[in-house]
Structure formats: structure tokens, C-alpha cells
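Some notes on the structure that comes next.
The values are calculated or read from the model by the stated rules, or taken from the named source; none is laboratory data. Here the structure is a predicted model, which is why all the values come from computation and not from measurement. Counting neighbours? That spans all protein chains shown, and the Cβs are built from the backbone with ideal geometry, glycine included.
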Amino acid sequence: MKPMTSDFTATLRLAVVGHTNTGKTSLLRTLTRDPYFGRVQDSPGTTRHVEGARLLLAGAQAVELYDTPGMEDGMGLLDYLDQLSPPAQRREGPDRILAFLDSPESTRRFEQEARVLRRLLDCDAGLYVIDVRDPVLGKHRDELAVLGLCGRPLLPVLNFTHSPCQRAEEWRAALARLGLHAAVEFDSVAPPLDGESRLYDKLALMLDSRADLLQALKEDVLQQQAIRRDDALRMVAELLVDVAALRLASKPGQADVEQASEKLRKLVREREDTCVRELLRRYNFRSEDFPQHALPLQGERWGMDLFHPQALKDMGVHVGKGMAAGAMAGVTVDLFTAGLSLGAAALVGAMAGGLWQGANRLGKRVMGRVQGYREITVDDAVLRLLALRQLALVDALQRRGHAAQSPIVIDAGASPRHGYAGGNETEGHAPAGATQHVQSSAHAASDPSESLARRALRSDKLPAELAEARSQPHWSNLSPDHEEDSTRREDVVRSLARWLSSIDMEPAG
């Protein structure tokens, strides 16, 4: 990140303005990554006063953002301004606004508009938020005319652009006719990955004297985005190593094997749930943003039990014949030979010579095999499902704005990613049933844009890192024999995280 310089000492002040209920608070929630900022709900005039938020750069305050009330009567205010300043006595724009703020109507009929204009005059620039689902009306043109009198640069922000009923091109044409040729698309519910970068680039064009600050802020946003993704993929890698290495011993009887299998499935479900909660926390989302992950896992799609054969099929994971074996679904039994090829004969000889007390953990496994015990492990197909589900969730969290109110659903068949299915999402609020969908299914497996690594994850052999973890039961945090200090395990986790990072970057070919 660019070091702080003297050019950055003055805080950049931005007023977020616009008509009532266009998503101003929603925009601020997403820019600050704070789902609790202000009040967001589907009713006009939710914000009745000015609220502020700050963006930091290298530990210092860089930007102040002010959420303002929605403007409701731009047409009436424009007429009132003409009364205060007839054409023959017309003053410059900011002086006309100041005259209005000194008038009685600024505390009565136009009190809300006065708050907005007072804040904009006190800032370096304004972000004019537009709900592009609305038609372009005269009231919007009048608002822009009034805001323009403040003499501050104004950047239109086109919100809710992912909605199926959006009118972004109509708005761009209308803004151009008003002389506002610079605008940025920034959907506060489902912002593009480079959305903030585009916003700061456009602001830098309008505020040349603050270009260095905005460039540094853009670089910091990209850096933090990359750090969050790296952290998330490491969490997924930790989960996969824990599950791949997990082995439970069982007596040879069918009832004992089934009991051990159910214990293994419970441990894995809980470990997945822990990973989900960690991912939500890392991206600063709430548990209610992804309510379907909570145990017990029931229902369909993500909610379907991790070990249910249909959950694997829905995700497009190849299912072997053994996966449909009722209570044994998702587990593999009697894999004592895995990882025992080296030194096994010597260990058996040591045990035969009465030296069992000196045998290591590998020897104990061999002794268990001699005594007829079974080892229960997670099937490869379930490991692939775990990876695909977590990667789908990471993708959803990266693309989700902190204004979104509808829950994330990792959907096995739906293609939309955003919270507009089932109703309009206004100020980040959606009716019941509106959900953010992420496609992650057998349909996606045939998607030509899908990466080679993701395709391989559905059906090919597991990555070498997980194959190695299979032979190292002490690597699993779920095992009572877990060893905290394992340098090789740490190397494998890092390597696996790097492999996972390539999944969404490789071309399908």
C-alpha cells in the first residue's frame, strides 16, 4: 500500500445524497463493510438525519462519508429558490442556496432538503445515488438542478443495476442531457468485485487535487480484498485437511461400524459449520445472512445433509456405487492399508517380539488391524462436495454487499446470484423469499466458463495435498491423536490454499 504523504493529511469529505429510498444507506453499508450502519428498510424516508462514517488508510482517517435524508420535493424547492432570487437579481448558485438556508422555509416545509444542502456545501463532493429501477421523472431533474447550485462535483451512482427491471441506459442518457457524463454503476446489494475501484477512479477524475489519496484508497481496497480471499481459502484448506486426515477406529461388528460412521459424520458436519461461521465473520457478515448452514442440516441443496447421496449429485459430484449404501453413505470402511506401506513389516515384527510399548502411532494402527478393527474415513466424493460448497460460499461472500438483507442460498439449480429473485430490494431490503442465489450444481459442471480445476474437483483424483493428508491421521484437529506442531501439515495447508486460489482463475480451455 502506498505510504501516507502530506497530500493525504486533509480528510476527503463526501455527502451521499439523492431522492428518498434510493439506497443511500445501503451504499454506505457496503462501502464501509458495516451491515449495522444506519437503518435500512423498505419504506420511504427511513433516514431522517445526517449520519457519518469514516474510511481509514494506513491507520489514519482518509474519507468521511455522510448519509443524508432523502430529498422529497425538489420541484417545490426549485420554485421557492426562484422566488427568493428572481432572474433580475439572480446570484451565483451557492449564494442562492445560502439564501435559502437563511430563510424560514429551511426549517419548515423544506427542512429535510435543507439538511442535505447544508451537508453538501460542507463537503468536497457528493455521491448522487439513483435507484435505476425507477423511471426518470421531472422530480429527479429538479433535484439535480438544486444540488448543482451548491457548486460541488456530483458523481451519479447507479444503484440496483442487477435488478431485472433496471433502466441504467435510460438513466445514463438522461444524466448526459443534464451535463453529467461521468457516472458509476455500483449495486449496493451485489457490487462488482471492482466496483469500489471504479468509484474511486471516477471521483479522482472529478477531484484532481485528491487523486493521490483516491488512488491509495483504491490500492488499499484491492489489497484488503485479496487478503480476505487468501484468509478464506486457508480456512477452507484447513477444513479439508482436517476432514481428509480424520480416521475413526471401529470394532468389526456391523452395529459398531455404523455407530463409528455416524460419529464421523457428526464430527465433519460440525467442522463444516465452524468453517462457515469463520467465513461469515471474516467477511463481516451476520449468521442470519446464511441461516441455512445451521445444524442440523436438513431440507434441500446446501441444507441437505452433507452425506446424502442426492446432495452430491446436486453439486455435480460423481457418486460411486458404494455411496448409495444407506447408513454407510459418505464413508469408506477398512482402509488400514492406507499409508502403511513403509515400515509396516518391521512394526509387526516388533510387536511379535514383545516390543509393543516402543511402537509408534503407526504400530498401534497395525495392531488394530491384527485385532480385526476397522478404520472409518470420509469418502473422496464428500471431500469434493465440501470443497465445492465452501468455494461457492466464498464466491457469494465476495460478491455480496453489506446492504443485502435477503439470505444467501447456495442453489443447486438457479443461475441468478443476487437478491432480486422474488421481489424488489429497496434500500437493501427484500420481501420474504427474496434470496441471493449462487449457482453451484450439476448444471454448472457443464458450464464452458468453469475452470479446469473446478471440473477436476468434481470427478478426478483428489489434489496431492489431500491424498497425503489421508495417510496422516494425526493432522486432523478432529482426532484425539492430533499433533499441534506439524510443520509438514502447515506446508500442505498452504499448498492446498494456493491450489484452491487457482480454481476461479484458470480458463476452461
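Key figures
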quantity: Lone qualifier among Leu193, Leu180 - being closer than 23 Å to Thr32 by Cα and assigned to a loop (DSSP other than H, G, I, E, B); calculated: Leu193
quantity: Counted residues, the range 107-142 - those being modelled with pLDDT of 95 or more and either outside the structural domain of Pro164 (by TED's automatic domain parsing) or small (Gly, Ala, Ser) (or both); calculated: 3
quantity: Residues satisfying the stated conditions in the range 71-100, i.e. within 20 Å of Pro153 (Cβ to Cβ) and over 42 Å from the mean Cα position of the chain (by Cα); calculated: Glu92, Gly93, Asp95, Arg96, Leu98
quantity: Total residues in the range 248-275, condition in a helix (DSSP H, G or I) and hydroxyl-bearing (Ser, Thr, Tyr); calculated: 2
quantity: Among residues of the range 368-381, those that are assigned to a helix (DSSP H, G or I) and either modelled with pLDDT of 90 or more or over 18 Å from Ala467 (Cβ atoms) (or both), counted; calculated: 3
quantity: Criterion (assigned by TED's automatic domain parsing to the domain that holds Glu185 and at pLDDT 90 or above) met by exactly one of Val16, Val40; calculated: Val16
quantity: Test: residue in the range 182-196 that is over 24 Å from Gln405 (Cβ atoms), without any contact (Cβ under 8 Å) to a residue 24 or more places away in the chain and hydrophobic (A, V, I, L, M, F, W, C); calculated: no
quantity: Among residues of the range 62-93, those that are surrounded by 20 or more Cβ atoms within 10 Å (Cβ to Cβ) and in a loop (DSSP other than H, G, I, E, B), counted; calculated: 3
quantity: First in the range 219-232 and of a type in the set (S, T, N, Q), second anywhere and modelled with pLDDT under 95, Cβ under 6 Å, 6 or more apart; calculated: Gln223/Met1
quantity: Selected residue (criterion: surrounded by the fewest Cβ atoms within 10 Å (Cβ to Cβ)) from residues of the range 94-133 that are touching a Lys or Arg at 6+ places or on another chain (Cβ under 8 Å) and part of a helix (DSSP H, G or I); calculated: Ala99
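Quick grid of which residues meet (1) at pLDDT 50 or above; (2) in a loop (DSSP other than H, G, I, E, B); (3) touching a Gly at 6+ places or on another chain (Cβ under 9 Å):
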| residue | (1), (2), (3) |
| --- | --- |
| Val366 | no, no, no |
| Leu383 | yes, no, no |
| Ala392 | yes, no, no |
| Asp395 | yes, no, no |
| Ser406 | yes, yes, yes |
| Gly413 | no, yes, no |
| Gly419 | yes, yes, yes |
